Every structure is written in C-alpha cells, then in structure tokens.
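Novice: One structure, as structure tokens, below. Some questions next.
The values are calculated or read from the model by the stated rules, or taken from the named source; none is laboratory data. Note that the structure is predicted; figures quoted are calculated from it, not measured. Cβ placement follows ideal geometry from the backbone for every residue including glycine, while neighbour counts extend to all protein chains displayed.
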Amino acid sequence: MGRGRALLGQPVRSGRGVAAEELRRHNLGVVLKHLHMVGPVSRSELTAKTGLNRSTVADLVGELAARGVVTAGPSKIAPGPGRPSPIVDVRPHGAVVLAIEVAVDSLAVATVGIGGHIFNEIRVARPRGHFQPGQTVVDISQLARPLLAALPAEYNLVGAGVAIVGIVRRRDGFVQCAPHLGWQDIPFPDVLATEFVLDVPVRVANHADLGALGEYRRGGLAGVEHLVFVSGDVGIGCGVIVDGSPLLGSAGYAGEAGHNLINPDGRRCVCGSIGCWETEAGERALLRRVGAAAQGEGLDALARVEELAAGGDPATLAALAETGRWLGTGIRGLINVFNPEIVVLGGLYHRFFDYMEEAANETAAGAIDVSRRMTSIVRSSVGAGAALVGAAELVFDDVIADPAAILPG
C-alpha cells in the first residue's frame, strides 16, 4: 500500500492551563502519527517534521519504544559534521488491528499492524442470502483465528475495525439498516465482542466511508485533500473526504448517494423508493442488461461478464457502457455538490473500470464546467481491500489519539 502524506495533528508546545501530562500524551501521539503515516525517519528528521525539540523527541521515542510500538535502529552515516541520527520506525506487531469487511457476497478479514503493514488477509465468497449477525460472527471467527495465530509472538491486539455495507451510526457502530444483508437495528460491536470473545474495542462504520478513508490514507493520492469514493456492488456506497477529514453527517449517515433519485421513471429499489442510483448503475442493473449470458447473480455472474467483455462480446460491452453512463450521471451530481479533486471508483467499478470509464466521463461532463475540469475520475489504487484498510485506520486513529491509554506501559 502507498504511504500516507501528512500529520493528522500538530504538537502542543506550551500554554496556560495545559497540564504537562496532557501535553506529553498529545505529543506522544504526534510522533506516532508521523511514523504511522510516513514510515521510517531519522530522529533528527522527526524533530524537524514535528516541530518539537530534540530532547523531547528523544524522550517520546524512548517511551514509544518502551511501549513496544517503535524501534530506534542503527544510526545513519551523517553526511556532514555531528553525530549520526538513529532511524525510528514503527514495530508493526506492537499495535495490531483485526480488520473485517462484511459485504453482500463475501467476508474478508485481515491482520494489520501499525504503519499499514498487512500481516495476512483472507477473503471468501458467501452465497447470497440474509445471514444472521450471529452466524456472520461465527464465520468471521473461523477466518480470523488462524490469522491471529500466525502473528509474531508477543503481538498486541489493540482493536477490531469492521466495515459493513449498511447505514451505521458512527459513535457506537449500531447498524441501523443493512438492506442487502437483511439486517435491521443490530448492535454489531456487542454481537462481535460477545460471540467472538474479543477483549478489545470494536469500531464499526459504513463500508464506503472506510473505503474512502483507506484510499485517502494508503492509496496513491499524494496531496489530495478532497475526494469522493464510490463503491459499487449490489448497492452503491459513497464516502467523502473534505479538507482531509471524513464527511460523516450528524450521526455518520452521510454519503448514501446510492439512494438518490436518478430516474423518476425507473425501477423500485430495495429501500422502497423508485429510481435510485443503484437501480440503474448497480450490479443488478448491469446483469439485467447483459441478460441470460451472465448466468445468475453475484460473483460468479460478474466473472462471466468479465469473461464476455474480455472476449469482445458486443452485447456485454454495450451493457457495461450503459451502466457506465448511469454511473457518470450520479457522479455528475457528486461533482456539483462536493467539488472534489478526485472521484475514486471501487468495487464493481474498479473491476470494470476499463469498460465503463469512457461512458462515465461522457455523462459526468455535464457537471458544472469549472468543477468538472478540476475533477479526475480514477480507479481505486488500493483495490478490493480499501474498506479493510480503512477499518484498520479507524482503530489506529484511537491508538494515535492517546497511545499512553491503549499501549502497554
């Protein structure tokens, strides 16, 4: 995965009313943020980048090393006068997240170390159907236990992050509604912690929101602070980054663009409305246009569409282009509303990007000209694992916010 670009916060140097302990804990997080996002640097470079003084950085690095989350390696050979500076890097197994993705047709689990290091990852297809949350957790545990067992000795599990294709209340991970999973009002963190017996914090968020976070933090988008991530499968999810921060709404429900009205004369959506974006640009719309040649639904059908497209089948190529036009119609509205630098396409659209790109750009060109000329539509650089990466980053944010509270002393 690509590296992140910038610090998420600034050091606190002094100030009336700021206790010394609060200042130290904050600056401990500033140093860990930089190492997590940027990777190994010399201690002198870390001093320059954080704005803290040398002795403070040395003390903070020493504490993080004592907590098992960083290492200070052999010194560089200094190019000029003065002592060479030690190289500081994260120790990935010093803070590990169990990242989980619950999608319509698949489950994925990964063990991710601080700094974005992926130890192991597994993704399995599941037959389409309404799996109860309890059964889903059983399946997750069966995938996760071998991955946890394969971690280096003395790893420190700091939390579990879960991406779910549904409407999720961000503050507590309560799944209000996941229509394509058949879930309603599910306290998923409690279910996971109880059934899987996880004695760590569990963070749950919307799949597309975490895809956007994963793309922003670990994708190849250096310098991009305004992006929209659009992920398609049965439904369409949308995550938005504005000024480098997720745009979530008052409860975390922002970004449900898949249920925006796009065709008043269209089909009924699973949400109960008519003509939602996903009814024209989602997986079912694509398979409907391909017809009997797609042979069913789900991952097997998409593999068949990919095969037909690669073989140049005219009907399949036409179906992909038509779906791309509806995709671009929805993107046109997102460009007008959010004025992003980049629209990143994941999921179904990542898979069929080469066949949809031209048609999507043609219809998206109807956006306000000054905004459209600023926006590029690109394939996800993280790929199918964007939401898993974002799920890990969600937990790492908590670790970085207060390393002293979460990492062992």
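Novice: Out of all the residues in the stretch 129-144, which are more than 17 Å from Leu98 (Cβ to Cβ) and either surrounded by fewer than 17 Cβ atoms within 10 Å (Cβ to Cβ) or among the small types (Gly, Ala, Ser) (or both)?
Specialist: Gly129, His130, Gln132, Gly134, Gln135
Novice: Keeping to the stretch 145-165, report how many residues are crowded, with 23+ Cβ neighbours inside 10 Å and over 18 Å from Asp398 (Cα atoms).
Specialist: 2
Novice: Looking only at residues that are within 25 Å of His93 (Cβ to Cβ), touching a residue at least 60 places away in the same chain (Cβ under 8 Å) and touching a strand residue (DSSP E or B) at 6+ places or on another chain (Cβ under 8 Å) in the stretch 110-128, which one is surrounded by the fewest Cβ atoms within 10 Å (Cβ to Cβ)?
Specialist: Filtering the stretch 110-128 for residues that are within 25 Å of His93 (Cβ to Cβ), touching a residue at least 60 places away in the same chain (Cβ under 8 Å) and touching a strand residue (DSSP E or B) at 6+ places or on another chain (Cβ under 8 Å), the one surrounded by the fewest Cβ atoms within 10 Å (Cβ to Cβ) comes out as Arg123.
Novice: Something else now. Inside the stretch 120-151, can you point out the residues that are under 18 Å from Asp190 (Cβ atoms), assigned to a helix (DSSP H, G or I) and of a type outside the set (Gly, Ala, Ser)?
Specialist: Listed by number, the residues that qualify are Pro133, Gln135, Thr136, Val137, Val138, Asp139, Ile140.
Novice: A follow-up question, please. Looking at (1) within 19 Å of Leu98 (Cβ to Cβ); (2) under 16 Å from the mean Cα position of the chain (by Cα); (3) at pLDDT below 95, can you tell me which one Ile164 breaks?
Specialist: Ile164 satisfies every listed condition except (3).
Novice: Is there any pair with a first residue in the stretch 170-193 that is among the charged types (D, E, K, R) and a second that is in a loop (DSSP other than H, G, I, E, B) whose Cβ atoms are under 6 Å apart and which are 6 or more apart or on different chains, and what are they?
Specialist: If the second residue must be in a loop (DSSP other than H, G, I, E, B), the pairs left are Arg170/Leu248; Arg170/Gly252.
Novice: Being of a type outside the set (Ser, Thr, Tyr) and in a strand (DSSP E or B) is the filter here, so list the residues in the stretch 102-119 that pass it.
Specialist: Matches in the stretch 102-119: Val102, Leu107, Ala108, Val109, Ala110, Val112, Gly113, His117, Ile118, Phe119.
Novice: Go through (1) assigned to a loop (DSSP other than H, G, I, E, B); (2) within 27 Å of Pro127 (Cβ to Cβ); (3) under 29 Å from the mean Cα position of the chain (by Cα) for Gly296 and report which single condition fails.
Specialist: Just one mismatch for Gly296, condition (3).
Novice: Checking Ala99 against (1) within 23 Å of the chain's Cα centre (by Cα); (2) modelled with pLDDT under 95; (3) assigned to a strand (DSSP E or B), only one condition comes out false. Which one?
Specialist: That leaves (2) as the condition not met.
Novice: Sort out for me the strands (runs of 3 or more DSSP E) sitting completely within the stretch 178-240 that have 3 or more residues that are more than 27 Å from Ser376 (Cβ to Cβ).
Specialist: Where strands (runs of 3 or more DSSP E) fall fully within the stretch 178-240 and carry at least 3 residues being more than 27 Å from Ser376 (Cβ to Cβ), they are 183-186, 202-206.
Novice: Condition test on Ser245, is it polar (S, T, N, Q), under 14 Å from the mean Cα position of the chain (by Cα) and either outside the structural domain of Phe119 (by TED's automatic domain parsing) or closer than 14 Å to Val344 by Cβ (or both)?
Specialist: Yes: the conditions hold for Ser245.
Novice: Something else now. Given (1) touching a helix residue (DSSP H, G or I) at 6+ places or on another chain (Cβ under 8 Å); (2) buried (at least 22 other Cβ atoms within 10 Å of the Cβ), identify the lone condition not met by His259.
Specialist: (2)
Novice: Say whether the condition of being farther than 30 Å from Gly166 by Cα, assigned to a helix (DSSP H, G or I), of a type in the set (Gly, Ala, Ser) and over 24 Å from the mean Cα position of the chain (by Cα) is met by at least one residue in the stretch 67-89.
Specialist: For the stretch 67-89, residues farther than 30 Å from Gly166 by Cα, assigned to a helix (DSSP H, G or I), of a type in the set (Gly, Ala, Ser) and over 24 Å from the mean Cα position of the chain (by Cα): absent.
Novice: Out of Asp354, Asp313, Asp402, Asp369, I need the residue that is in contact with a strand residue (DSSP E or B) (Cβ under 9 Å, 6 or more places away or on another chain) and surrounded by fewer than 19 Cβ atoms within 10 Å (Cβ to Cβ). Which one?
Specialist: That would be Asp354, the only listed residue that is in contact with a strand residue (DSSP E or B) (Cβ under 9 Å, 6 or more places away or on another chain) and surrounded by fewer than 19 Cβ atoms within 10 Å (Cβ to Cβ).
Novice: Quick one: count up the residues across the stretch 246-292 that are in a strand (DSSP E or B) and touching a Cys at 6+ places or on another chain (Cβ under 6 Å).
Specialist: Of the residues in the stretch 246-292, 1 are in a strand (DSSP E or B) and touching a Cys at 6+ places or on another chain (Cβ under 6 Å).
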